[in-house]
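First up is the structure itself, then whatever we jot down about it.
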Amino acid sequence: MNLLTVFYDEQCELCQRCRAWLSRQPGYVRLEFIPLQSPLLERRYPGLSNLRPDQEILVVSDEGGIYRGGAAWMMCLWATKTYREWSLRLASPALFPMVKKFVSLVSANRLSISTLLSKREPEDLALEIEALHEADEFCASGTCSPR
């Protein structure tokens, strides 16, 4: 495997930050990023939009593998020199179910998280975070949205 294509929402602050972070990582496998809003998506990958890449991260390998959600994140980490070992550890049967839940939770709340991250001044962001409910109450309902 020489290339992983990562689809991301260019209108989502969280997606943009994740893309930027992954772009900076030295890798064993090259990462290519295609915005969901690009006409290139359907031209190069006809029918891929049926897999709903706007709902959960989606990665396609140059060997034809398609990865969604937690598996897609594991592939992105696996492609990097720094985090390959982490990906192998997190992909273990004991940890991967938690990775899937975490990625699903973040994906379901990415626009809310993006709104929070879009606060440019660190002081504004700190005030917003301090205003949130305690962590044990905040996600008790299964979604990270204030009640």
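The values are calculated or read from the model by the stated rules, or taken from the named source; none is laboratory data. The model shown is predicted, which means the values in this text are computed figures rather than measured ones. Because the Cβ atoms are built from the backbone with ideal geometry, glycine has one as well, and the counts that use them run over all protein chains shown.
Side notes on the structure shown:
- Residue identified as more than 22 Å from LEU3 (Cβ to Cβ) and in contact with a strand residue (DSSP E or B) (Cβ under 9 Å, 6 or more places away or on another chain) among ARG52, ARG30: ARG52
- Of the residues making up segment 95-120, those that are in a loop (DSSP other than H, G, I, E, B) and at pLDDT 75 or above number 2.
- Residues located in segment 72-89, provided they are in a helix (DSSP H, G or I) and surrounded by 18 or more Cβ atoms within 10 Å (Cβ to Cβ): ALA72, TRP73, MET74, MET75, CYS76, LEU77, TRP78, ALA79
- Taken as a whole, the condition of being in contact (Cβ under 8 Å) with a residue 12 or more places away in the chain, closer than 25 Å to PRO93 by Cβ and part of a loop (DSSP other than H, G, I, E, B) does not apply to GLU10.
- So LEU51, is it in contact with a helix residue (DSSP H, G or I) (Cβ under 6 Å, 6 or more places away or on another chain) and more than 15 Å from THR80 (Cβ to Cβ): no
- Only one of LEU77, LEU40, LEU88 that is at pLDDT below 90 and either more than 18 Å from LEU105 (Cα to Cα) or of a type in the set (Lys, Arg) (or both): LEU40
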